[in-house]
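We did not get these values from a lab; they are worked out from the coordinates using the rules stated. Only a predicted model underlies this, so the values are computations on that prediction, with no experimental measurement involved.
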Amino acid sequence: MATEAPEVVARCVSSSLCTPPHQGSKSDLQTLFILEDANALWKQLHAFVQSQALSTGDYETLTQDLFLHLLAAPPGEYFTCEEVLQDFLAYRQHH
């Protein structure tokens, strides 16, 4: 079970995860970006995916897809795992 970000991904993305400080009460995805902690981002997304009643049993692939979707988004676009999942599922329906 992949509960940690792949080492290559963690090394490559950590230097590009800078975003301005988040003001408000939403989740800490932005905090993890500010801290440049790719492994913690992966773990938070993985825990979120595991907690969902999804029709797919392939939680590892979905975690990877959400992680990459999150990293491809403009800084500050998402603050919660739920926002990432909703946007990703909407994107997947249209492509």
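Measuring how big region 27-94 is from its alpha-carbon positions, Rg and Dmax come out at 11.3, 33 Å.
Annotation: extensible slack from Q86 through Q52 equals 11.0 nm (criterion: 0.36 nm per residue apart, minus Cα-Cα distance).
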